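Please treat every number below as a calculation from the coordinates, not as lab data. Quantities reported herein were computed from a predicted structural model and do not represent experimental measurements. Counting neighbours? That spans all protein chains shown, and the Cβs are built from the backbone with ideal geometry, glycine included.
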């Protein structure tokens with residue numbers, strides 16, 4: 001039995017000495033008190049693990065002292081053994097046990113029976129403490145795992161992991177990772193919040209060497225002596241030996257390391273929990289790394305499918321934007337096109353349903369077909385009907401919206417054809433209004449195209465957009481359309497600045513956004 005610190009409370013000096021001598025011979029540390037008042041003082045001064053309490057005290061009943069010990073949150077789990085030379089009846093023992101005592105012994109007390117009772121009480125309470133500690137750590141581990149998997153950046157993930165390790169094991173901790181961007185990252189948690197610190201060159205390979213993981217995969221745990229750890233990291237936040245765990249999921253991936261003050265990982269259950277935490281961090285890092293790689297590839301693919309830059313149109317200024325959704329790894333179906341047809345300019349904006357490689361493939365087909373039909377000399381209405389046939393024939397499960405604007409740059413005459421797309425926004429003289437819009441989405445057997453004739457005056461502006469800009473959960477589309485109309489009524493001289501302001505007005509988007517802004521130059525003298 002592991003020794004403990006025991007508080008012996010009895011107003012009889014001889015009795016305290018005898019009980020104390022039994023406990024000391026058994027290897028325990030003994031603290032003494034002669035009254036209830038001294039009991040509270042000793043409990044505040046010492047880390048007491050067991051109380052041996054006389055029933056009769058000069059200033060308060062031992063039964064009441066026991067009740068108060070059990071009622072206080074700090075001492076509620078402290079085991080109490082009553083001893084008595086006077087209250088020796090069965091009723092007395094029953095009363096004491098019901099009021100909170102864990103054992104009740106009466107004089108004459110046999111030394112062997114007393115020590116056996118102490119060991120039995122301590123065995124039960126230590127098992128209970130261990131179970132409560134493991135349960136609390138598991139609850140913290142679950143909370144930390146959820147936060148780790150919800151992290152959206154490598155630094156954020158490392159900070160959550162370091163903070164979680166400190167919260168689980170109650171000791172300073174450090175996390176070592178290698179994100180995609182930048183160099184290796186060391187994140188420490190001394191107890192006042194996670195901090196990112198310098199990462200010595202070659203540290204991760206040395207950590208894998210310490211744990212004998214090397215270039216292999218899996219999870220390895222080892223204990224590192226304080227002196228060796230401080231030689232490795234002079235500014236370590238761990239003051240003492242370190243329990244180090246390193247995990248690697250794939251041979252071609254960098255490892256993840258977690259170091260915790262060894263005093264916080266005393267048992268095999270704690271080591272297993274640390275091992276699980278390391279695996280959770282490694283899995284989350286791998287998922288975030290894969291997501292980031294996929295996101296980068298997706299954006300590169302998406303931008304490669306869009307025009308590099310719109311052609312110059314004499315007498316007109318143009319600005320275009322494509323903003324991918326920040327939380328989407330998949331390729332979107334939004335697109336725009338500006339084609340110089342000689343005496344006319346064809347401006348197109350559209351949105352193929354969905355976020356996937358399939359949606360991007362359909363978008364690319366639609367855009368190339370649009371170019372081909374335009375080069376054949378077809379008008380916007382015919383182009384939309386032909387595109388509808390393409391979707392029906394080859395992509396029957398897909399739909400798309402589109403708006404085509406055919407512009408005469410010299411006169412400003414605009415012919416607008418729409419297939420279920422948001423109507424263009426016409427801005428002139430400090431006011432803005434939407435076109436008629438309408439039409440049926442592409443991909444349906446009905447070839448209903450909405451047509452609008454308009455004219456852009458000198459100094460006038462036309463704004464075409466996809467619905468990602470104005471669609472918000474919990475906000476009606478009508479409200480956001482009006483918000484856009486109000487924001488766009490005042491157009492800056494610099495269309496790039498105007499486009500940035502419009503996008504900034506609506507903030508982070510959950511869907512891709514495509515935007516085209518055309519402005520006719522003001523006439524001489526205007």
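What is the Cα radius of gyration of region 310-447 over 2.2 N^0.38 Å, N being its residue count? List each step's numbers first, then the result.
Numbers: Rg = 15.2 Å, N = 138, 2.2 N^0.38 = 14.3 Å.
Computed over Cα atoms of region 310-447, the ratio equals 1.06.
Seen from all sides and averaged, what is the projected area of the convex hull of the Cα atoms in region 75-182, in nm²? Numbers along the way, then the final one.
On the way: hull surface 39.7 nm².
With the hull built on Cα positions only, its mean projection is 9.9 nm².
Rank these for me by crowding, 285, 210, 60, going from fewest to most other beta carbons within 10 Å. Spell out each step's value before the answer.
Working: 285 26, 210 20, 60 14.
Ascending number of Cβ neighbours within 10 Å: 60, 210, 285.
Where does helix 154-169 land angle-wise versus the long Cα axis of the chain, in degrees 0 to 90, nearest 10?
Tilt of helix 154-169: around 20 degrees.
How high is the relative contact order of region 5-132, in percent, counting Cα pairs under 8 Å that sit 6 or more residues apart? Let's see the in-between values first.
Numbers: 185 pairs, mean separation 26.9, N = 128.
The normalised contact order for region 5-132 reaches 21 percent.
Please tell me the relative contact order of the chain in percent, rounded to the nearest whole number, where contacts are Cα pairs under 8 Å and at least six residues apart. Spell out each step's value before the answer.
Numbers: 968 pairs, mean separation 44.7, N = 526.
The normalised contact order for the chain reaches 9 percent.
At a 10 Å Cβ-Cβ cut-off, how would you order 349, 475, fewest neighbours first?
Details: 349 24, 475 11.
By the 10 Å Cβ count, ascending, the order reads 475, 349.
Taking the mean number of other Cβ atoms within 10 Å as a proxy for protection, how do you rank 267-274, 154-161 from highest to lowest?
Values: 267-274: 15.8, 154-161: 22.5.
Ranked by mean Cβ neighbours within 10 Å, highest first: 154-161, 267-274.
Dividing the alpha-carbon Rg of region 212-281 by 2.2 N^0.38 Å yields what?
Numbers: Rg = 12.2 Å, N = 70, 2.2 N^0.38 = 11.1 Å.
Computed over Cα atoms of region 212-281, the ratio equals 1.11.
One-quarter of the Cα convex hull surface for region 1-103, in nm²?
6.2 nm²
Which whole-number value in Å³ per residue fits the convex hull of the alpha carbons of region 151-297? Could the numbers behind the result be given before it?
Values: hull volume 14.3 nm³, N = 147.
Taking only Cα atoms, region 151-297 has a hull volume of 97 Å³ per residue.
D for region 369-526, whole µm²/s, Stokes-Einstein with Kirkwood Rh over alpha-carbon pairs at 4 °C and 1.567 mPa s: what number?
Numbers: Rh = 16.7 Å.
Value of D from the Cα-based Kirkwood radius: 77 µm²/s.
Between helix 111-150 and the chain, what is the angle of the helix's C-alpha long axis to the longest principal axis, kept within 0 to 90° and rounded to the nearest 10?
With both axes taken from Cα atoms, the answer is about 10 degrees.
Among 46, 82, which comes first, then next, by fewest other beta-carbon atoms within 10 Å? Working shown, then result.
Numbers: 46 13, 82 27.
Least to most surrounded, the residues fall as 46, 82.
Could you give the angle, 0 to 90 degrees to the nearest 10, between helix 62-71's Cα long axis and the longest principal axis of the Cα atoms of the chain?
10 degrees
When volume of the Cα convex hull per residue in Å³ is calculated directly from the model, which label among (1) 148; (2) 171; (3) 243 fits?
Matching the structure shown: (3).
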